[in-house]
Amino acid sequence: MTDIFQLGQPPKHDPGIALSSRSQLDLFLGARGIVIIAPHPDDEILGCGALMAAVADQGQPVWVIYLTDGGASQPNLSADARVNLVHRRQSEAIAGLSELGIPNSAAIFIGAPDGSLKSSATYTKLATYKLQELIRQGCVSSVFVTCQDDDHPDHKAAYRLAVSALRDYPGVQLFAYPVSSRIDEGSPRDPSMAFPIPFNTEGFLQQKRAALACHISQLSAPYGSIGFTLSPSMIENMCEGPEYFVQVEEAFHDQSHPF
Ligand SMILES: [Zn+2]
């Protein structure tokens, strides 16, 4: 593992280091399955879509814990329109998983209001319980969560949630993945990602693009032009070249971290 960390940051759209897909999966997988923690529906595809497809292709389980309802991607909606958007984003998430070969039973929707995860103790506890329940059942080797320097407050809160939840489970690996700290430039700009592990996405990018295409509410402006949309350049930045991960050891060494 050490030699991979010493490779340094690859250039934009580097096709990935010359490791076989199997040896890369060995690094991430272990003997059991993986859990992806997605602050919003689509984060899992943007950051980990090819990895998820590769793991599913190996016949090992993938779960996704969706922390928030994604209802704030279009601001100033009526209450009814917001409910409609939340339902729509859940359907898009399940359709995206299907494109990756992952059953809809793998989706766990926590339902925290979009943008408020940091102050939602109830939802944080629920997500922690769901994650630890999978771990206690012996199902999980590795957990993936958005990196700490992603700009969105829900992404930062997700990182802290994962670090805290895994503190008593040192046998489970934790990896961070960049989304908003990569989406504008292609390569991670997060300082904590200075030495990322690039996952060679070759053979799985078509599935990743198909999964992302299911998130129609994020690719267009279904409720007007004021909401967030993924631009073509953002999609290219996240759907070309490798996916990047960094192994987090903070959970098991920094017992004084304030949560
Ligand atoms: Zn997000």
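The values are calculated or read from the model by the stated rules, or taken from the named source; none is laboratory data. Since this is a predicted model, take the numbers as computed values, not measurements. Please note: Cβ atoms are built from the backbone with ideal geometry, for glycine as well, and neighbour counts cover all protein chains shown.
Numbers for the structure displayed
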| read-out | value |
| --- | --- |
| Sole exception among (1) within 16 Å of the ligand (Cβ to nearest atom); (2) of a type in the set (Ser, Thr, Tyr); (3) farther than 24 Å from residue 89 by Cβ for residue 123, by number | (3) |
| Residue list for segment 37-52, restricted to those being more than 9 Å from the ligand (Cβ to nearest atom) and either acidic (Asp, Glu) or surrounded by fewer than 24 Cβ atoms within 10 Å (Cβ to Cβ) (or both) | 44 |
| Candidates 89, 82, filtered to the one that is in a helix (DSSP H, G or I), within 13 Å of the ligand (Cβ to nearest atom) and of a type outside the set (Gly, Ala, Ser) | 89 |
| Whichever residue in segment 23-46 is assigned to a helix (DSSP H, G or I) and of a type in the set (D, E, K, R) and, among such residues, is modelled with the lowest pLDDT | 26 |
| Positions within segment 168-189 being within 21 Å of residue 151 (Cβ to Cβ), modelled with pLDDT of 90 or more and more than 16 Å from the ligand (Cβ to nearest atom), in sequence order | 174, 175 |
| Verdict on residue 144 being more than 15 Å from the ligand (Cβ to nearest atom), surrounded by 20 or more Cβ atoms within 10 Å (Cβ to Cβ) and within 26 Å of residue 233 (Cα to Cα) | no |
| Residue pairs meeting the criteria (Cβ under 7 Å; at least 6 apart or on separate chains; first aliphatic (A, V, I, L, M), in segment 199-214; second surrounded by fewer than 22 Cβ atoms within 10 Å (Cβ to Cβ) and modelled with pLDDT of 95 or more) | 210/99; 211/99 |
| Any hit, segment 153-164, residues being closer than 15 Å to residue 49 by Cβ and surrounded by fewer than 17 Cβ atoms within 10 Å (Cβ to Cβ) | no |
| Residue under evaluation residue 96, criteria (1) buried (at least 19 other Cβ atoms within 10 Å of the Cβ); (2) small (Gly, Ala, Ser); (3) more than 16 Å from the ligand (Cβ to nearest atom); (4) assigned to a helix (DSSP H, G or I), criterion not met | (3) |
| Subset of segment 53-72 (residues that are more than 16 Å from the ligand (Cβ to nearest atom) and either of a type outside the set (Asp, Glu) or within 18 Å of residue 148 (Cβ to Cβ) (or both)) | 53, 54, 55, 56, 58, 59, 60, 61, 62, 63 |
